[in-house]
Amino acid sequence: MYKYSNKTVAFITLGCKLNFSETSTLARQFIDNGFSKVSHNQSADIYVINTCSVTEHADKKCRNIIRRVHKLNSDALIAVTGCYAQLKPQEILDIEGVDLVLGADEKMDLFNRVSKIVDLKNSSNYKQKEEFVSCDISQVNSFFAAYSTDERSRSFLKVQDGCDYHCSYCTIPLARGKSRNISIEKVVNEAKEIVKNGICEIVLTGVNTGDFGKSTGESFLDMLMVLDSVDGLERVRISSIEPNLLTDQILSFIKESRVFLPHFHIPLQSGSNKILGLMRRRYNTDLFKSKIQTIKELMPNAFIGIDVIVGFPGEGEEEFLETYSFLEEVQPSFIHVFPYSKRDNTPASLFKDQVKEIHKRERVMALSQLSDKLYNLFYKSQIGRTEYVLFESTQKKGKMFGYTRNYIKIEREYNPSLIGKVCEVIID
């Protein structure tokens, strides 16, 4: 008969900030019902794994984690949810030890389903039976409202889910469904709850965050303007926003805002218009360049992070050099570089001219080196400036860390009284 040892649960999150907000919300449900949260490196009664499926590497990492936690405690209940669970539930169920796989529409009900399985396991006539609950993603309309409370200084607040863009390389619309969001009223209520928990910085998260308002008839800018006046909320970041949705009105508002920070994460994906067309992106390099120029004119000290995919089908040396030259020209603060990963059921997986892995690795290395150069240039441009840092609880070798408004990482001697506080510093 299955019995809890200590009524413990461990959580493992793979992928984006959106997943972190959802995992944290799931964790609160368990804790509110008497569970103790433990590290995923410890033996636990229950393991909850919230998966990503943006690359084959992410899928493989999930499979390895399942095997590892099953080895830690072969009697543990293992529940898997997230994008990989929606896309390939049977592939996950075939791994020894998995009890439950939940698709996109059932994630919010994970605690109740786990509880039912536990009750069955405690019955004398229980026989091991894996369960999976999938759904027709095209019919999903529900919204799993979520925010994180794991870190005392910062919360990831989910405001939007799904995507209607259907870029040729991406499985996210297949894993999360169509674009939808909660209302501005709900966003504000959750922001107030976050502030009540003593957290003063919020990061707005979503699959296509700037598409907020599609299902409620509101707008992303309207939401920003209302959040700007929430009492006790000191800082807000936007996790990622498509360049075609980052309007001049939004940029002008952020410049004048009380709480919104000069920190942008904008996916470029390629600096070649040919490749952007093959990717089915909704902008060209001219539009992207104009957005970066506007940000730098309005907020000269803003941090600008850019996502780039290398090795997309059809990207020859000429197209890659276009991307490299374009990045040198626009000079972001940082480049997040990803090698293209062929995903099942996407148009790009069937494209001709697939790029060899060795060329992908070479291009990742080249752009990573360029990113280091641009990152150092940005940091050097900030030396001597007065900035404001929100210090976090992490302690390492007697040091504590925090980030300025424009996302420069600052360290100082550990002082617990500064955790969650905004402090003035001079960058050296």
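For this structure, a couple of remarks:
- Which listed residue is of a type in the set (Gly, Ala, Ser), within 18 Å of the chain's Cα centre (by Cα) and within 24 Å of Gln139 (Cα to Cα), from Gly213, Gly217, Gly177: Gly177
- Failed item, numbered, when Lys158 is tested on (1) assigned by TED's automatic domain parsing to the domain that holds Ala44; (2) touching an Asp or Glu at 6+ places or on another chain (Cβ under 8 Å): (1)
- Residue selection: Ser381 fails the criterion of being part of a helix (DSSP H, G or I), in contact with a strand residue (DSSP E or B) (Cβ under 9 Å, 6 or more places away or on another chain), closer than 18 Å to His263 by Cα and not basic (Lys, Arg).
- So Gly305, is it surrounded by fewer than 22 Cβ atoms within 10 Å (Cβ to Cβ), among the small types (Gly, Ala, Ser) and assigned to a strand (DSSP E or B): yes
- Scanning the range 122-160 for residues that are touching a Gly at 6+ places or on another chain (Cβ under 6 Å) and at pLDDT 95 or above yields Val159, Gln160.
- Long-range neighbours under 7 Å by Cβ, at least six apart or interchain, first residue of a type in the set (D, E, K, R) within the range 415-428, second in a strand (DSSP E or B) and surrounded by fewer than 14 Cβ atoms within 10 Å (Cβ to Cβ): Glu424/Thr386
- Residue match in the range 171-182 (condition: surrounded by 19 or more Cβ atoms within 10 Å (Cβ to Cβ), in the same structural domain as Pro243 (by TED's automatic domain parsing) and farther than 22 Å from Glu106 by Cα): no
Residue by residue, here is whether (1) more than 28 Å from the chain's Cα centre (by Cα); (2) assigned by TED's automatic domain parsing to the domain that holds Val195; (3) part of a strand (DSSP E or B) holds:
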| residue | (1), (2), (3) |
| --- | --- |
| Leu377 | no, no, no |
| Phe391 | no, no, yes |
| Gln395 | no, no, yes |
| Gly402 | no, no, yes |
| Asn406 | no, no, no |
| Arg412 | no, no, yes |
| Ser417 | yes, no, no |
| Gly420 | no, no, no |
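- For the range 308-337, a residue qualifies if it is closer than 15 Å to Lys291 by Cβ, over 24 Å from the mean Cα position of the chain (by Cα) and either buried (at least 17 other Cβ atoms within 10 Å of the Cβ) or among the small types (Gly, Ala, Ser) (or both), and the qualifying residues are Phe326, Val330.
- Residue list for the range 32-54, filter: in a strand (DSSP E or B), closer than 19 Å to Glu106 by Cα and of a type outside the set (Phe, Trp, Tyr): Ile46, Val48, Ile49, Asn50, Thr51
- The range 156-180 residues that are farther than 21 Å from Val203 by Cβ and touching a residue at least 40 places away in the same chain (Cβ under 8 Å), paired with ones that are among the β-branched types (Val, Ile, Thr) and part of a strand (DSSP E or B) (beta carbon under 8 Å, 6 or more apart): Tyr169/Ile309
- Of the residues examined, Asp59 is not one that is under 21 Å from Asp119 (Cα atoms), at pLDDT below 95 and either small (Gly, Ala, Ser) or touching a Ser or Thr at 6+ places or on another chain (Cβ under 7 Å) (or both).
The values are calculated or read from the model by the stated rules, or taken from the named source; none is laboratory data. Keep in mind that what you see is a predicted model, and the values were worked out from it rather than measured. Reconstructed Cβ throughout: ideal geometry from the backbone, glycine too, with neighbour counts over all protein chains shown.
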